[in-house]
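Each remark here refers to the structure printed beneath this line.
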Amino acid sequence: MTTPHAHRGLNLTLKIWRQPGPNARGEFRTYEMQNVSTDMSFLEMLDVLNEQLIAKGEEPVAFDYDCREGICGMCSLMINGQAHGPDRATTTCQLHMRRFSDGDTIVIEPWRASAFPVIRDLAVDRSAFDRIITAGGYVSVNTGNAQDANCLPVGRDRQEKSMAAAACIGCGACVAACKNASAMLFVSAKVSQLALLPQGVPERARRVTRMVAQMDKEGFGGCTNTYECEAACPAEVSVTNIARLNREYLRAVVVSEEGV
Amino acid sequence: MAEGHATTTQGSPRLQSNAPTGDVTTRWDRHKFDLKLVNPANKRKFNIIVVGTGLAGSSAAASLAELGYNVKAFCFQDSPRRAHSIAAQGGINATKNYCNDGDSVWRLFYDTVKGGDFRARESNVYRLASVSTNIVDQCVSQGVPFQRDYGGLLANRSFGGAQVSRTFYARGQTGQQLLLGAYSALMRQVDLGKVKMFARREMLDLIQVDGVARGIVVRNLITGEFESHTADAVLLCTGGYGNVFYLSTNAKGCNVTAAWRCHKRGAFFANPCFTQIHPTCIPVSGDHQSKLTLMSESLRNDGRVWVPKNPGEARPANEIPDDDRDYFLERRYAAFGNLVPRDVASRAAKKACDEGFGVGETKLAVYLDFRDTIKRDGAAVVKGKYGNLFQMYAKITGEDPYSTPMRIYPAVHYTMGGLWVDYNLQTTIPGLYCLGEANFSDHGANRLGASALMQGLADGYFVIPYTIGHHFATSKLPKITDDHPEVRGAVEAAKARVNKLLGIKGSRSVESFHRALGKIMWEKCGMARNEAGLKFAEQEIAALRNEFWSNVRVMGSGEAFNQNLERAGRVADFLEFGELLVHDALTREESCGGHFREEHQTEDNEAKRNDADFCHAAAWEYTGGHDSFVGQKEQLHKEPLTFENVHLTTRSYRE
């Protein structure tokens, strides 16, 4: 069989944000890369750069990664100003170098948001997301309390919508892509997932008000409907979830009897 | 193979399984009744450390906190939600029999014992099968959006090694949804103040006082600070060791360090040679490769595996007519076809490639073809079932699997071996428990698909909450403070090791050592193993380890965020552990499940077990010094395995 993408080496110029620590001053540094295989993933290209830096006795570039198959949400990077790079529905770890051309200059930055402070180079602190989930992104059910799994039917359409929201990988691209550094797509994904299911209904008002309050406290901005978040989201979480979040919030503060 | 051979193995007195005897269906109930309890008010007096926040760790931490215990949970990632359970695709087994196809607890028990090639403990497997239904109930109640039918009830699909449909799934991202469910339960306990979460911490050592596990030493990966944490019990939920092969489907961060440090402190390591090679992975594309990506086993429900009949075949896949295709799984295994267990499918693919029938540029691949299913059901149906997997394949290879068959090749995926645990999930160190993939207990020599999620959650939600109380109720656990000599000693030892790594200042990178180790492991101890190769590997690994400790180059300092240093510590441990894995493979003179010794095969190349001599779990005790590693200091202990309910027979998936 033929290989549609023949191997060819790219020569690239990388401009990478280097920052030794959270409080240190950062700067862009330029690195030349030769003969980069188009079959490499973007992170494998950075692995090769780091090996070259170590061989020269320089400190490697710090960047977060783990599963390298687009699901753990650990990798990040603004690539030429775009969260997770140019491809739709693709995390940085799944972005492959065949997307780039010989001679390209690639600018690589950490997520941009004051709620995601830089730890080092390209690695940022996203613990704010954990604190938002802690504020209410769950169903209050103890182990052992569950009824039979089929006792509450869930229409397929609802289940699909819930799943589409639950697909969020918590990477923070939505925040990084938003001019307001808003976390509303992230928050709306969890609120929607649970509000759409009967299991999530009893505490839906408490959940949405507490999660939104925590989101505000962390310093994320509000949504002004530019939809950059949806465009950047590797899990294709839709902005219709933000509309649902707004409805859930309104319902909670205006008509809910949960006593929020 | 003779059937029903009684084992001649002498059990080691050091390995008390504490598994009940008698009627297998009531063992767990009787055992739970016999365990001592801690009353609700006293539970808040006990502190538990949970290391790792995958399915086993998150579910255990949440469930124990719900009971009233004080829990500290640790993970090396930036959030507990990132643990690699998240990448599991296909599904989770439960014997609900919602499909009305004859499923039962007994059938799952039978399938799992047989699928594991008779190298797991019957008591454990029966318990696992019997709590499987509770797990699915629990997950649904947490808001896990499993796939449903139009009537609103749950859907199922089938998986390898089974002839019923018992697998529950959420698209091709079931692990993600189950982990996020467990993570939400965990974060709820953080909110309630019962769990303290410590992310970006790596466990570097175990603290023992009077032989009992009482805490851990961790390094704060952001600041580089060493911290000691003390408790009344420690739970390792730290996953498998597949990355000893460098290339695997594991996340890059997955490592054996926590388990290995505990092994060197006295926890026996069981069956390390039982490693699972998954048949459906995307083939290696070049030397830059950093990991391998799995394509869910569920694809084998509808995809057909084949190679060209002509070894020199030059036509594109779609132009090769059926007469010139060898659907080798369907041909060799009529009864199970493309759904044979993973070890069987992997070896068959390797055999096809070894004989020169491989496809693609490297010739190390076979086709997984959806042509017939697309013709039968339409592309839309296939997209609905496998859309995200097809998309993933297209992203990585640049090819469209709807129009061209996928190329797949086996890759290291899961490790059945792990720390030896008794029926209570306690290791040979009192107070140290091990859950999920990190232990050895339930899958024998081969794990069936959709059973890893089941085991991780079974251990965390439905086993450890019952068994850990017995330890608290029956042990004297005097209060320990951070200035206890054992605590300070463990911290100093961990610091010294990190400083040693930083002080070598050699010329070869950590990554290069890891790749070299992986190459040895894959070539000599991968899908097929033989005595000469294994002996060679033992020497090679020891030599590589010596070079590592004299020539590794670790950049940066210990007082900062330093990923190079993190990796160096993990690779150092893999370089010790790899030798034990190879030694175990050398010692086990039989083929079973994922462990295939070329000397032990039938005429038609199937695995040939030796029940007379090897119907046991091999548990290794390290008797050398903690600061260095000497392979010869590993002493073997055997736990005989008895099969009273599923009779020892040769596994056959042919008829």
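Read-outs throughout are calculated quantities, based only on the coordinates presented, and are distinct from any laboratory measurement. Note that the structure is a prediction, hence the values are computed from the model and not measured. For neighbour counting, all protein chains shown are included, and Cβ atoms are generated from backbone atoms with ideal geometry for every residue, glycine included.
Mind counting lysine pairs for me in chain A? Cα separation below 29 Å, and the two need to be 8 or more apart along the chain or on different chains. List each step's numbers first, then the result.
Working: A:Lys15/A:Lys56; A:Lys15/A:Lys179; A:Lys161/A:Lys179; A:Lys161/A:Lys190; A:Lys161/A:Lys217; A:Lys179/A:Lys190; A:Lys179/A:Lys217; A:Lys190/A:Lys217.
Count of close lysine pairs: 8.
For region B:383-483, which trypsin sites (Lys or Arg not before Pro) are both in a DSSP coil and crowded by at most 16 other Cβ atoms within 10 Å? Could you put the intermediate results ahead of the total?
Working: sites: B:Lys383, B:Lys385, B:Lys395, B:Arg407, B:Arg447, B:Lys476, B:Lys479; in loops: B:Arg447, B:Lys476, B:Lys479.
Sparse-neighbourhood loop trypsin sites (Lys or Arg not before Pro): B:Lys476, B:Lys479.
Enumerate the whole-percent occupancy of each 10 Å bin, from 0 to the last occupied one, for all C-alpha pair distances of chain A.
P(r) over chain A, rounded to whole percents: 7, 27, 30, 19, 12, 5, 0.
Given the C-alpha centroids of region B:586-655 and region B:11-26, what is the distance between them in whole angstrom?
A separation of 19 Å, based on Cα centres.
Please sort by residue number the chymotrypsin sites (Phe, Trp or Tyr not before Pro) in region B:544-641 whose DSSP state is loop and whose Cβ has at most 11 other Cβ atoms within 10 Å.
In loop regions of region B:544-641 (DSSP not H, G, I, E or B), there are no sparsely surrounded chymotrypsin sites (Phe, Trp or Tyr not before Pro).
Would you calculate, for chain A, the mean residue ellipticity at 222 nm contributed by helices, counting each DSSP H stretch of 4 or more residues as -39,500 (n - 2.57) and dividing by all residues, to the nearest 500?
Dividing the helical sum by the residues of chain A leaves -9500 deg cm²/dmol.
Averaging over all projection directions, find the projected area of the Cα convex hull of region B:287-343 and quote it in nm² with one decimal place.
Reported value for the Cα convex hull: 5.9 nm².
Just report the Cα centroid separation between region A:82-124 and region A:157-200, whole Å.
Taking the Cα centre of region A:157-200 as reference, the centre of region A:82-124 is 22 Å away.
Relative contact order for region B:514-637: what is it in percent, counting Cα pairs under 8 Å that are at least 6 residues apart?
Worked out over region B:514-637, it gives 23 percent.
What is the sum of charges, Lys and Arg at +1 and Asp and Glu at -1, for the other residues whose Cβ falls under 15 Å from the Cβ of A:Glu27?
+1
Using only C-alpha positions, report the orientation-averaged shadow area of the convex hull of region A:9-120, nm², one decimal.
7.0
Which whole-number percent gives the relative contact order of chain A, counting Cα pairs below 8 Å spaced six or more residues apart?
Relative contact order here is 19 percent.
Which of the lysines could a cross-linker bridge to B:Lys43, judged by Cα under 22 Å and excluding same-chain residues fewer than eight apart?
Filter leaves B:Lys32, B:Lys72, B:Lys194, B:Lys196, B:Lys476, B:Lys479.
Which of the lysines could a cross-linker span from B:Lys519 if the Cα-Cα distance has to be under 18 Å and same-chain partners fewer than 8 positions apart are dropped?
Here the lysines satisfying the reach criterion relative to B:Lys519 are B:Lys252, B:Lys291, B:Lys350, B:Lys535.
Residue by residue through region A:235-249, which ³J(HN,Hα) values in whole Hz follow from phi under the Karplus form 6.51 cos²θ - 1.76 cosθ + 1.60 (θ = phi - 60°), with glycine and proline marked x?
9, 6, 6, 8, 5, 4, 5, 5, 4, 5, 4, 4, 5, 4, 5
As an exercise, take the mean of 1/r over every pair of distinct alpha carbons in chain B, invert it, and state the Kirkwood radius in angstroms.
Taking every pair of different Cα atoms in chain B, averaging 1/r and inverting gives 25.0 Å.
Calculate how many DSSP beta bridges within the protein assembly as shown are antiparallel, expressed in % of all such bridges and rounded to the nearest 5.
Beta bridges within the protein assembly as shown, antiparallel portion: roughly 70 percent.
How large is the Kirkwood hydrodynamic radius of the protein assembly as shown, in angstrom, based on all distinct alpha carbon pairs?
Across the protein assembly as shown, the inverse of the average 1/r is 27.8 Å.
Under 20 Å Cα to Cα from B:Lys45, which aspartates and glutamates show up? Leave out anything in the same chain fewer than 8 places away.
Within the straight-line limit of under 20 Å, B:Lys45 reaches these aspartates and glutamates: B:Glu66, B:Asp191, B:Asp232, B:Asp482.
Show me, for region A:186-201, the HN-Hα J-couplings you get by feeding each phi into the Karplus relation (A = 6.51, B = -1.76, C = 1.60, θ = phi - 60°), rounded to Hz, glycine and proline as x.
Karplus values, whole Hz, x for Gly and Pro: 4, 5, 5, 4, 6, 4, 5, 3, 7, 5, 7, 10, x, 5, x, 5.
Can you give the extra length, in nm with one decimal, that the chain gains between A:Arg251 and A:Thr105 once fully stretched, where that is 0.36 nm per residue apart less the Cα-Cα distance?
Taking A:Arg251 through A:Thr105 to full extension adds about 47.7 nm, to one decimal.
Multiply the residue gap between B:Asp613 and B:Lys495 by 0.36 nm, knock off their C-alpha separation, and tell me the result in nm, one decimal place.
Contour length minus Cα-Cα distance gives 38.1 nm.
Return the Cα extents of region A:109-260 along principal axes one, two and three, sorted largest first, each rounded to a whole Å.
The Cα atoms of region A:109-260 stretch 50, 31, 30 Å along the principal axes, largest first.
Counting other beta carbons within 10 Å of each residue's own, what order do B:Tyr183, B:Tyr126 fall into, fewest first? The partial results should precede the final answer.
On the way: B:Tyr183 32, B:Tyr126 26.
Result, fewest neighbours first: B:Tyr126, B:Tyr183.
Rounded, prolate or oblate: which one fits region A:66-129, using the alpha carbon gyration tensor with axes a ≥ b ≥ c (rounded when a/c is under 1.5, else prolate when a/b beats b/c, else oblate)?
On the way: a/c = 2.33, a/b = 1.45, b/c = 1.60.
Note, shape of region A:66-129 comes out oblate.
Return the sequence-ordered ³J(HN,Hα) values of region B:224-229 in whole Hz as given by the Karplus equation 6.51 cos²θ - 1.76 cosθ + 1.60 applied to θ = phi - 60°, using x for Gly and Pro.
Those phi angles translate into x, 5, 8, 10, 10, 10 Hz.
Assign unit charges at the C-beta atoms only (+1 for Lys and Arg, -1 for Asp and Glu), then state the dipole size of the protein assembly as shown relative to its Cα centre in Debye, rounded to the nearest 20.
The dipole magnitude comes to about 1880 debye.
Can you compute log10 of I(q)/I(0) for region B:1-115 with the Debye formula, treating each Cα as one identical point scatterer, at q = 0.11, 0.13, 0.18, 0.22 Å⁻¹?
Log-scaled intensity ratios, in q order: -0.70, -0.95, -1.23, -1.20.
Cα-Cα pairs above 17 Å in region B:544-654: how many percent?
68
Hey, what number do you get for chain B at 222 nm if only DSSP H runs of n ≥ 4 count, each worth -39500 (n - 2.57), divided across all residues, to the nearest 500?
My calculation for chain B gives -11000 deg cm²/dmol from helical runs alone.
Using the Kirkwood radius over Cα pairs, work out the Stokes-Einstein diffusion coefficient for region B:400-512 at 25 °C and 0.890 mPa s, in µm²/s as a whole number.
Value of D from the Cα-based Kirkwood radius: 132 µm²/s.
What does the C-alpha gyration tensor say about the overall shape of region B:270-418? Classify as rounded when a/c is under 1.5, otherwise prolate if a/b is larger than b/c, or oblate.
Details: a/c = 1.35, a/b = 1.25, b/c = 1.09.
Taking the square roots of the gyration eigenvalues as a ≥ b ≥ c, region B:270-418 is rounded.
To the nearest 10 degrees, how steep is helix B:105-115 against the longest Cα principal axis of chain B, on a 0 to 90 scale?
So the helix axis and the longest Cα principal axis differ by about 80 degrees.
Using label points projected 7 Å from each Cα along Cα→Cβ, tell me how many nm separate B:Tyr150 and B:Asn546, to one decimal.
Output for this residue pair reads 7.1 nm.
From the Cα gyration tensor of region B:183-230, with a ≥ b ≥ c the square roots of its eigenvalues, which class applies: rounded if a/c is under 1.5, or else prolate if a/b is larger than b/c, or else oblate?
Oblate.
How far apart, in nm, are two points set 7 Å out from the Cα along the Cα-to-Cβ line at A:Arg88 and at A:Cys151?
Between A:Arg88 and A:Cys151, the label points sit 4.3 nm apart.
Would you kindly give the portion of the calculated P(r) for region A:87-197 that falls above 24 Å, as a percent of all Cα pairs?
That fraction is 43 percent.
Contact order normalised by length for chain B, with contacts defined as Cα pairs under 8 Å and 6 or more residues apart; what percent is it? It would help to have the intermediate numbers written out before the result.
Working: 1458 pairs, mean separation 144.6, N = 655.
Contact order relative to length: 22 percent.
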